[in-house]
1. Just give me the residues in segment 159-178 being at pLDDT 90 or above and either more than 20 Å from Leu194 (Cβ to Cβ) or touching a helix residue (DSSP H, G or I) at 6+ places or on another chain (Cβ under 7 Å) (or both), in sequence order.
2. Search segment 105-147 for residues being modelled with pLDDT under 90 and hydroxyl-bearing (Ser, Thr, Tyr), and hand back the single one that is surrounded by the fewest Cβ atoms within 10 Å (Cβ to Cβ).
3. Out of segment 238-252, which residues are more than 17 Å from Ile222 (Cα to Cα) and part of a helix (DSSP H, G or I)?
4. Here is a list of conditions, (1) in contact with a Gly (Cβ under 7 Å, 6 or more places away or on another chain); (2) free of Cβ contacts under 8 Å to residues at least 60 places away in the same chain; (3) aliphatic (A, V, I, L, M), and Ile41 meets all of them except one; can you say which number that is?
5. Can you report the number of residues in segment 348-381 which are farther than 15 Å from Ile41 by Cβ, hydrophobic (A, V, I, L, M, F, W, C) and modelled with pLDDT of 85 or more?
6. Using the structure shown, decide if Asp213 is in the same structural domain as Leu115 (by TED's automatic domain parsing) and farther than 22 Å from Leu65 by Cα.
7. Answer yes or no: is there a residue in segment 272-281 that is surrounded by 20 or more Cβ atoms within 10 Å (Cβ to Cβ), in contact (Cβ under 8 Å) with a residue 40 or more places away in the chain and outside any helix (DSSP H, G or I).
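The values are calculated or read from the model by the stated rules, or taken from the named source; none is laboratory data. Everything numeric in this text was worked out from a predicted model, so none of it was measured. All Cβ positions, even for glycine, are placed from backbone atoms using ideal geometry, and neighbour counts span all protein chains on display.
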Amino acid sequence: MNLFERFVGFRYLLSKKKQTILSLTTWISVGGVATGVMALIIVISVMNGFGKDLRDKILGFKSHLLIESKEFLPFDYDPKLKEAIQKADPRIQEVTPYILSEMIIRQKSTVTGVLLKGVSPSFFKAPPPARKSALPPILLGQELASLLSVFKGDVVEILSPLETTGPFGVLPKTRKYQVRDLIATGVYEYDTKLAYVPLSQAQDFLEYGNKIDGFELKVSDIYASSKVQKNLKTIPVLSSFEVRDWQELNKNLLSALKLEKMAMIIILSFIILVAALNIMTTLTRLVLEKKREISILKAMGAQRIQILKIFLFQGLWIGMSGIVLGLVGGIGMCVVFQKFQLIRLPDIYYNTSVPVNMEVIHLVVIGAIAFGISLFSSFYPAWRASRLDPLEGIRY
């Protein structure tokens, strides 16, 4: 676009009464685009923040990859198998055997279901409680401990589905444990259901002997877990085992987060679409108002392409102004949320404030979409102005 086209296009956006300020309809159109862009940036950044926070909490406490038998049955623990897994890929940092079984936990009159997990003794880093006991240690999630009304040093009883014969007949097998510490993973379903005991204790209690349920793996780069998974599947000794990475293990949760984000993007995109319709309406009305001026320009030698560019410039100016204001406002609000934590969350959330995670690619995509919609909404009024008959405009 040359200087003439930009000059005329901008003059048409000014108020009729005061040719030094923008008209009210122009401000409304700019504000509509800015509001849509800002809302999209804030909502997507907040949802990214919640997703990243949840992912970090899950991966900070759970394994990145899981190796189990294809029948999902216990198998004999073999140190050579563990060594082969460790050497399969340099990104594998840790390989630990585990046992996981559904149990019942009881504390006085309170009874609830629990997933008892046998883990490496190194997991029990907390010092023993002041009330020392000969009982084996157990770690409980904070929510589970709250439900049972137990604290560090208290004793709980685990009931196994296995049966034992006593003087009063067949009874469920039970064992008492002393609470070594309470764990807060930040994921409610884990903190209400999981209890951890040393692997040897779980093997003894469940009468597993030397068997385990599988291996948990930690890798140096969580986003390379799928590549590590492929490497592991090529090892002959793992041909009878199932290897799953964290994305497969949390597929439902990740899919739900992705679907929720897409739904919010679609809903909020309607704000930009409404703003685009406003741009189209503004420019269409402007074409009707400037019918005589357009005809005079054509009579003076202005070509159709120049008229088209004049009104396209107006639409793009409105769109770009709204995009810039929306980007500045959206990024500014996100920075304020991050720094000052203005929005506090209820106690049911582990976060004290709304988490925010801005990604450059999302800012670029939002800006590009808004620009494309603005360009598209400007084309019809611009085309209509370029097709105007100069004689008709001058006559009326």
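1. If the condition is that a residue be at pLDDT 90 or above and either more than 20 Å from Leu194 (Cβ to Cβ) or touching a helix residue (DSSP H, G or I) at 6+ places or on another chain (Cβ under 7 Å) (or both), then Arg175 is the only one that fits.
2. Ser109
3. Once the filter is applied, which keeps residues that are more than 17 Å from Ile222 (Cα to Cα) and part of a helix (DSSP H, G or I), segment 238-252 yields Leu238, Asn252.
4. (2)
5. Result for segment 348-381: 4.
6. no
7. No: zero hits.
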